[in-house]
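Step one of this worksheet: look at the structure below.
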Amino acid sequence: MIERASRKSFRALLIENILKPLHLTGMWPYKTGNIADDSQFAQVYEKLTKPYGLDKDGRFVKGRYHDYFCCSAGIIASVLDMAKYDIAISQYKLLRPETQELAFTPFVSRAGKILPYGLGWFTQEYHGIRLIWHFGYYPPSISTLILKVPDKRMTLIVFANTDALS
C-alpha cells in the first residue's frame, strides 16, 4: 500500500525518510541483485563480521546474511548505528509520542487477556518493570535483540553473527 500510494519502493522510502535523515550510514537495506550495484550497502556489508552457523555435529559452518529486503528482514547494521536508531526512538524523531506509545502498548484479546505484543514491539512487565523489545532471527547466521527499559532510560542491544543467541 505504501509503495502504491507513494510510487516509491519501501526500500527507497526507508532510505529517504529514516536512514539518511538520521545519518545511519552503517545501516542499509539489502538490494536485490549484485551487491556492488549499491555502494552504500557494499561499504556496510564489507565491515560486518562474517556469519557462521553450527552443523548437526556442532562444527562451525559458513553462514550468510539476508539476500533480500522486505518489511521484516534484510537490513544490515552496525551496533553503533543501531544505538543511534534507539536514541532516535527515545527522542521521538520517528513517531509522535502518542503514536509510539500505541506501538509500545500490548494488545488485549477479545477475552480481555493482555497479549505480549503491540504494534511491532513485544511489550511486557517483569517484576513491575516495563520491557519493550524485539529480536531478529535468520538461521544459520543472525540473531539480534533490542531491549528497551523506558522507565530506567536504558537499552540493551545485542548482535550475534550466528543464530545461537535466539
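Any read-out appearing in this document is the output of simple, stated calculations on the displayed coordinates, not a laboratory observation. Source: prediction; values computed, not measured. Heads up, the Cβs are rebuilt from the backbone with ideal geometry, glycines too, and the neighbour counts pull from every protein chain shown.
Worth pointing out:
- When percent of Cα pairs over 18 Å apart is calculated for this entry, the matching label among (i) 67; (ii) 75; (iii) 71 is (i).
- Exposed-site-free run, longest, the chain (rule: trypsin sites (Lys or Arg not before Pro); DSSP loop; at most 10 other C-beta within 10 Å): 60-109
- Here segment 1-96 yields Rg over Rh of 1.03, to two decimals, using C-alpha coordinates and the Kirkwood radius.
- Within segment 68-95, backbone nitrogen closer than 11 Å to the virtual label 7 Å beyond the Cα of N17 toward Cβ: 95
- Förster radius 41 Å - calculated FRET efficiency between A83 and R4, Cβ distance, rounded to 0.05: 0.75
- Paramagnetic reach from L48 (point 7 Å along Cα→Cβ, amide N under 11 Å) across segment 1-34: 27-31
- Listed residues Y52, Y92, Y138, most fluctuating in the chain (Gaussian network, C-alpha, under 10 Å): Y92
- The lysines within cross-link reach of K47, meaning a Cα-to-Cα straight distance under 18 Å and a gap of 8 or more places when in the same chain, are K31, K62, K84.
- Distant-in-sequence amide H partners of Y117 (H built 1.01 Å from N, under 5 Å): F107, T123
- Computed extension gain for H127 through Q91, at 0.36 nm per residue and net of the alpha carbon distance, reaches 10.4 nm.
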